[in-house]
Amino acid sequence: MLRLWQLECSEKALKKYKAEQEHFFCQATPGSGKTVLAAAIASRLLEDNMVDLVLCFSPSLTVSDGIKRTFSKFLNCTFNGGLGSIGQSLTYQSIQHLNDEFWKTLQKYRVFIVFDEIHHCSGSEIENANVWGLQVLTKIQSLATYTLAMSGTPWRSDALPIVMGEYSDPDGQLLVDYQYTLKQAITDRVCRAPKIVLVDNEHLSVNHNEKVESFSSILEMMKHTQTPYKSIIQNQEAMEYLLGLGCDKLAEIRLLSPNAGGLVVASSVQHAQTIKNILSQKYAQTASIVTYRHDEPLLEIERYRQGSVQWIVSVGMISEGTDIPRLQVCCHMSSVKTELYFRQVLGRILRINDALNQEAWLFTFAEQSLIEFAERIEEDIPESCMFVKMAPQITKNESDGNDSNLLNNVELMKVGDSLESDFVWDSIVNSNVNIRNSIDELDELRLGNFKQRVITAFLIDS
């Protein structure tokens, strides 16, 4: 049974398609059920004999696998591109590896194409397109009978236009066919209302060349020194404190909802392993770990989804589109500090399920960018992200590093652009930190008393 917003959006999309308009753009908050929406629209198009085949593209193998399961269930058939299948779920990075026979086959049929998390594909034209956007513009767009583009965070950190997005002229503001905000989703009891805990420290000291400087907050320390953020997220005492808060909250939630789970977003494989050790050894928690270096990560995610293990520690693989409704607590300790990534991570703990307790808690450190993101979480599309730069330009990475070899790869490795890119991006960020702050590796960071600020968003009357 469709939710009201999914029913409204699907009816609006079908009406537009039947009016011989080919493209529909849906912006719906992370965790609200976009995949089910897409499957419902596909089902109607097939029933009404408007299409023959369905193709779905998404940014990672994890998300692609979830789409395959949902579409198989909704369409009551296999959805793997094989014999007897009416469709297939693929990743954006696979587009450039599809052979000529695949594209020739598409030309013979009426095809409905779904683009999930379309913001990963940039380009209003070939000149300003990234690799994935170029594939959409040159190989897919003209072959589709109808298209559905979806995003929970419809902007890019490089402020480039999204492929197939329509923008106002001359402002460059994204125009969507249907919008479903987080506030609406919380009011409708589709998503949980998040609480964000910003952890700070009152007595930090940095020992640099035998000179000790003291600070009253993380913000002050990072403002007046070149101490990198990774010195906080990789500090043993800081990690233990943040994880301890998360464990206490998860234990509280599990009193009513014994299957509730927690997610830790780590900055690297080594960081993830350290976090898992803290959870298991210091806090006696059960924990899974999933990274690109571990065997069968999709199988590990599925085991966690179906099981009762308390925590799953991830490096980039559960950042967006991954449906694990039992997740209710998140410890955000990634070195990626963009608003898009922050909101997608938050979305992992917002999916409503049938548990008695429906709280959602995200714990992170009070770094300047993360404070700003938390404070404006009630803005569905932050004003700073509403507009694009339409002129072709050289893409620059998030950390504003100056290393030319690293920058040359950024267009291929934007945060979340693929399953692999999250990890490559982490290494780019860390590498740039090392380039700029290599001397600071000799610094000694000491922490004093911790404190925390809780931001409660979307106070909805019961």
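No lab work stands behind these numbers, since they all come straight from the coordinates. Computed from a predicted structure; not experimentally measured. Using ideal geometry, Cβ is built from the backbone for each residue, glycine included, and neighbour counts are taken over all protein chains shown.
List, in order, the whole-Hz ³J(HN,Hα) value for each residue of segment 176-189 obtained from phi through the Karplus relation with A = 6.51, B = -1.76, C = 1.60 and θ = phi - 60°; use x for Gly and Pro.
10, 7, 8, 10, 10, 7, 5, 4, 4, 5, 6, 4, 7, 6
Which residues' amide hydrogens lie under 5 Å from the amide hydrogen of A360, considering only partners 5 or more residues apart or on another chain, with H built in the peptide plane?
Sorted by chain and number, the residues that satisfy this are K195.
Counting other beta carbons within 10 Å of each Cβ, put L75, L350 in order, fewest first. Please report the intermediate quantities before stating the final value.
Numbers: L75 17, L350 25.
With the sparsest Cβ surroundings first, the list reads L75, L350.
Determine, for C56, C247, the number of other Cβ atoms within 10 Å of each Cβ, and report the residues in order from fewest to most.
Details: C56 26, C247 21.
Final ranking by Cβ density, sparse to dense: C247, C56.
Against the longest alpha carbon principal axis of the chain, how many degrees, from 0 to 90 and to the nearest 10, is the axis of helix 61-75 turned?
40
What is the P(r) of segment 118-217, as percent of Cα-Cα pairs per 5 Å bin from 0?
Distribution as computed: 2, 10, 14, 14, 11, 8, 9, 8, 8, 8, 5, 2, 1, 0 percent.
Hey, got the Cα dimensions of segment 4-180 along the principal axes, in Å, largest first?
Dimensions of segment 4-180 along the principal axes of its Cα atoms: 46, 40, 32 Å.
Which value at 222 nm does the chain reach when only helices count, each DSSP H run of 4 or more adding -39,500 (n - 2.57), with the total divided by all residues and rounded to the nearest 500 deg cm²/dmol?
-10000 deg cm²/dmol
Tell me which residues come under 5 Å, amide H to amide H, from L327 once H is placed; ignore anything under 5 positions away on its chain.
G261
Expressed as an acute angle from 0 to 90° and rounded to the nearest 10, what is the orientation of the C-alpha long axis of helix 236-254 relative to the principal long axis of the chain?
60
If you take the square roots of the eigenvalues of the alpha-carbon gyration tensor of segment 161-262 and sort them as a ≥ b ≥ c, do you get rounded (a/c under 1.5), prolate (a/b over b/c) or oblate?
Values: a/c = 3.45, a/b = 1.35, b/c = 2.55.
Judged from the Cα gyration tensor, segment 161-262 comes out oblate (a/c at least 1.5, b/c at or above a/b).
Applying the Karplus parametrisation 6.51 cos²θ - 1.76 cosθ + 1.60 with θ = phi - 60° to the phi angles of segment 151-162, what ³J(HN,Hα) value in whole Hz is obtained for each residue in order, glycine and proline being reported as x?
7, x, 10, x, 8, 10, 5, 8, 6, 7, x, 7
Where both residues lie in the chain, what percent of DSSP beta bridges are antiparallel, nearest 5?
Values: 21 of 65 bridges.
Around 30 percent antiparallel, to the nearest 5.
Going through the cross-link list K15/K108; K18/K139; K183/K282; K15/K195, which pairs have a Cα-Cα distance over 30 Å in this structure?
Too far apart for the 30 Å limit: K183/K282; K15/K195.
What number in nm² do you get for the chain if you take the convex hull of its Cα atoms and divide its surface by four?
Numbers: hull surface 89.8 nm².
Result: 22.5 nm².
Please rank E367, E213, E202, fewest neighbouring Cβ atoms within 10 Å first, as an exposure proxy.
E202, E213, E367
Taking θ = phi - 60°, what integer Hz values does the Karplus form 6.51 cos²θ - 1.76 cosθ + 1.60 yield along segment 221-227, in sequence order, with x for Gly and Pro?
Per-residue couplings from phi come out as 4, 6, 6, 9, 9, 9, 4 Hz.
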